[in-house]
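Here is the structure we will look at, set down as structure tokens.
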Amino acid sequence: KVGTAINLMGKAFGAVAAITAGGAMFGKSVDESLKLTSQANSLGKQLGITATEASVLNVALDDCHVSSETMGVANAKLVKTLGTNEGAFKNLGVATRDSNGNFRSSLDIMTDTNTKLLTFKEGVDRNIEGQKIYGKSWGEIQGILKLTADKMEAARQKAEELGLVVSKQNVEAAHAYKDAMNDMGDVMTAIAKVIGDAIMPILTDLANTFSQIGPKAVLVMKGAMLELVSVFYG
């Protein structure tokens, strides 16, 4: 009876394992999709753009060999300059606000700014103008100049062709997936608790039984081994 019960439990666990193993086959693909969506969503919030636009930006940054960290530093410096010296952009001929008087997205301002900075002679002339916008970090982040409106448009076409654009539906699907996985984790934990609560007293009694018969069992085994040894020698 015990053997039959354990066999049934084994089949039940086997069924669950088969389902979860099937999901694990695609785990890396799911993780990559979630990672892409999460990065785009986070970058979009940071720059005040949609996740879709941010996903295109990620492709552009890769093509420019510029890290997201460098982009973050450059954006922070640019926004700081917008708040303290908006005139620096106007002197370059870069529009900072839309027709309603609101600031344009920092990404649009950055790409236009970079395009203007590239018109200055490389070296002292460009460094002076670059520092007016990006501050003391200019020396470390000047690779961001590769990020222009033309580069963004090329990245957009590439992202659309490869299916790398993150849509609003992708973001919603990612949230739904995470919520579902969390709920499933709760269920699996609950199942484990039910099993543990039922099995724990049995294993406790079994352990106590072994402890009680332990000395006798040792003597019986010792006698059996002595007999076996004598047979070997004989």
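The values are calculated or read from the model by the stated rules, or taken from the named source; none is laboratory data. Predicted, not measured: the structure shown is a model, and the values here were computed from it. Cβ sites come from the backbone with ideal geometry, for glycine too, and all protein chains shown count toward neighbours. All accessible areas refer to the heavy atoms of the entire protein, side chains included, with ligands and DNA or RNA removed. Shrake-Rupley method; radii C 1.70, N 1.55, O 1.52, S 1.80 Å.
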**Asked** Which condition does Ser167 not pass, out of (1) of a type outside the set (Val, Ile, Thr); (2) open to solvent by 70 Å² or more (accessible area, probe 1.4 Å); (3) more than 18 Å from Lys80 (Cα to Cα), if it passes all the others?
**Response** (2)
**Message:** If I ask for residues that are without any contact (Cβ under 8 Å) to a residue 40 or more places away in the chain, over 16 Å from the mean Cα position of the chain (by Cα) and part of a helix (DSSP H, G or I), which ones from segment 163-181 would you list?
**Reply:** Gln169, Ala180
**Asked** Across segment 135-164, which residue is surrounded by the most Cβ atoms within 10 Å (Cβ to Cβ) among those that are small (Gly, Ala, Ser) and closer than 21 Å to Lys45 by Cβ?
**Response** Ala155
**Fill in**
Going through segment 43-94 in order, the residues found to be part of a loop (DSSP other than H, G, I, E, B), small (Gly, Ala, Ser) and more than 17 Å from the chain's Cα centre (by Cα) are Gly48, Gly93
**Asked** Got at least one residue in segment 211-232 being surrounded by 10 or more Cβ atoms within 10 Å (Cβ to Cβ) and aromatic (Phe, Trp, Tyr)?
**Response** no
**Fill in**
Residue hits (segment 120-134; part of a helix (DSSP H, G or I) and either surrounded by 10 or more Cβ atoms within 10 Å (Cβ to Cβ) or acidic (Asp, Glu) (or both)) are Asp125, Arg126, Asn127, Ile128, Glu129, Gly130, Gln131, Lys132, Ile133, Tyr134
